[in-house]
Amino acid sequence: MTDKPMIRYGVFLAFVILLYAGTIGPFTAYLQEKPVEEKIGYVPDAAVLKIVSADQQLFVADSLVLKVLIYFGGLMNRSAKKLVAPPDYRSMHNALTTALKLDPYNIDAYYFSQAVFVWDVGRVREANNILEYGMRYRTWDWYLPFFAGFNYAYFLKDYEKAAEYYQQAAKLTGSPLYQKLAGRYLYEAGQTALAIGYLKTLLRGTVNRAVKRDLLVRLQAFEGVRRIEIARDRFRNERGKLPSSLDELLKGGYLTDIPTDPYGGTFYLEQNGKIATTSRFAFAGRKRGH
């Protein structure tokens, strides 16, 4: 009698393996035939994968996230300063959200969506949806509300929502820092300084080399902007007006040199005093989403 449950389990396990192989085999062959910019391709529905993967859901989720990381890393590695094609956002998003339905605790998915969807694709609201989904499970993780709070403040200008998430981060860390940010950043002179602190925090938790390299370049660009902003503000305080150009900051001794834009563009001063760059903080060939 004791052998019958084992036999039934063995038959069931064999069926699951065959079903899984029947799904993944054609899926892999399909990917190999697609051009590089579409390598993520079709991802089965999460409900199907839950049945097919049985007790291997965490492994399948890790595999999907790894597929996205390898895909994006491949685009970044082909050229130091140029993408061969715009990232396939829809496929990346589909793969990551499917992975999180299988394993909502997978931190790599949250880091990737924050680092790439926000900065490189411009899909801020979608990234926040992913972060807010993760907060329901990773209830101890202060990084998720910190990232969401930054996105609401810096990109979406929803300061009430940003303050809410900074307060949540403060409760999780026990530190008053985020409580102060929630109340003070509206009065701070530059969002660039906020962005620099954010990027440094994100870098500390990022292990993927392609993502880290992407963030380091952006950090370097923002640090250049901040150096110009400081010179601009000193000029305005001393002369009572905005400089007309970066050359005026150079000639007046407020800047020793104009920082280099690591994206290959040129920094310039807009009429309202904002520091901008011809690259728009993106490598040639990269298109920002809307």
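The values are calculated or read from the model by the stated rules, or taken from the named source; none is laboratory data. Note that the coordinates shown come from a computational prediction; the quantities given were computed from them, not determined experimentally. Every residue, glycine as well, gets a Cβ built from its backbone with ideal geometry; the counts of neighbours run over all protein chains shown. Only protein heavy atoms, including side chains, enter the accessible area calculation; ligands, DNA and RNA are left aside. Shrake-Rupley method; radii C 1.70, N 1.55, O 1.52, S 1.80 Å.
Computed quantities for the displayed model
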| quantity | calculated |
| --- | --- |
| Set LYS157/LYS274; LYS67/LYS200; LYS50/LYS101 screened for pairs whose C-alpha atoms are more than 19 Å apart | LYS67/LYS200 |
| DSSP-assigned coil residues among chymotrypsin sites (Phe, Trp or Tyr not before Pro) in the stretch 225-283, each with at most 13 further Cβ atoms within 10 Å | none |
| THR97 accessible area, 1.4 Å probe, all protein chains in place, Å² to nearest 10 | 40 |
| Inter-part distance where the stretch 220-250 and the stretch 89-138 are each reduced to a Cα centre, Å | 37 |
